[in-house]
Amino acid sequence: DSKTTLPQARDVLQMSITEYRIPLPLTLEEFERGQLFTMTSISKEERSNIVILENTTFSNEKGEGTFSHKTLKLHRNFPDWVTRLLPASALEIEEKSWNMFPYTKTIYFIKTRWKSVYFKITVTTIHQNDAGTSENIHNLNTRDLDRRVVEFIDIANDSPSQWADMKEIPATFSFKRENEAENRGPLRSDWIETTKPMMCAYKLVELDFRLPGNFMEAKATQFAREVIRGTFLRTHAQTYCWMNQWYDLSLEDIKKSDDALCQSISKTQDGKKSKERGRKKLFSGLRSKL
């Protein structure tokens with residue numbers, strides 16, 4: 001079934017393959033807590049644009065994990081040329097995610113078929129205790145290795161425009177504790193070579209866009225790459241810079257907060273559905289009397 005079987009990416013030559021390597025001055029255990037805290041915090045801000053279809057646990061031969069299925073309403077996140085080209089239904093992205101940390105897999109796709117438009121992004125992530133030095137952690141075959149492009153994301157030295165609204169930025173943020181071994185930052189220009197602890201998120205991104213005309217397809221692919229890189233940079237920078245908020249929380253505490261948020265979003269959705277059913281029943285009754 002869809003929860004226990006992790007889907008395989010389609011084997012097509014047209015698909016672009018980019019492996020993003022994102023080093024962080026954290027242990028794997030710290031990052032698991034920090035990442036979940038960050039994703040939960042972002043979901044709280046974006047809850048009006050999220051529809052939770054399923055959120056449950058699963059198990060397979062690799063172990064136990066969490067499966068989620070959501071609809072993301074991203075109309076306001078697309079540039080004008082996209083919103084003019086596609087109908088609103090094609091701007092709602094389906095997200096299916098399997099989390100078996102340190103392994104995760106997430107697939108984004110358009111559920112609604114519209115003309116010749118096809119959209120799918122598969123993100124496979126392996127987290128490991130190194131600085132991004134594993135050359136084929138995803139065990140790609142020779143053909144895919146030749147097509148793969150490797151990009152490093154440096155949270156301290158990459159400076160995107162979105163830093164403007166962040167209270168803390170990685171290059172200047174510091175985390176201080178009584179136990180000096182727990183201290184982090186500020187990150188120097190050579191922090192990846194000199195900092196401990198160190199872990200890396202290896203994100204293999206397979207992009208498959210099919211749009212009318214080669215120009216539109218190339219433009220959409222370039223836009224997606226920019227969004228993906230910017231999102232990875234920002235969320236991992238936030239995980240590091242929000243250490244003061246999550247460091248003393250246990251993984252169970254953060255999971256409870258995430259579960260509570262999912263339940264709250266689901267109740268809001270149920271309430272909206274109930275009101276809609278009530279309106280339809282009222283209008284149906286009015287029409288029968290006319």
Heavy-atom accessible area ranking, 1.4 Å probe, most first, across SER41, SER189, SER59: SER189, SER59, SER41
Accessible-area value, MET39, 1.4 Å probe, nucleic acids and ligands omitted, Å²: 80
Whole-Hz couplings from phi, Karplus 6.51/-1.76/1.60, listed for the stretch 138-152; x for Gly and Pro: 8, 6, 6, 6, 4, 4, 5, 4, 5, 8, 5, 10, 9, 10, 8
Per-residue SASA entry for LEU53, accessible area with 1.4 Å probe, Å² rounded to 10: 90
Loop sites in the stretch 121-194: GluC sites (Glu not before Pro), DSSP, at most 13 other Cβ within 10 Å: GLU135, GLU178
Solvent exposure ordering (accessible area, 1.4 Å, most first) of PHE173, PHE152: PHE152, PHE173
In nm, spacing of pseudo-spin labels at VAL150 and ARG188 (7 Å Cα→C-beta vector): 2.5
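The values are calculated or read from the model by the stated rules, or taken from the named source; none is laboratory data. Because the structure is a prediction, the values reported are computed rather than measured. Don't worry about glycine lacking a Cβ; one is built from the backbone with ideal geometry, like all the others, and counts go over all protein chains shown. Just the protein is used for accessible areas: all its heavy atoms, side chains included, with ligands, DNA and RNA removed. Shrake-Rupley method; radii C 1.70, N 1.55, O 1.52, S 1.80 Å.
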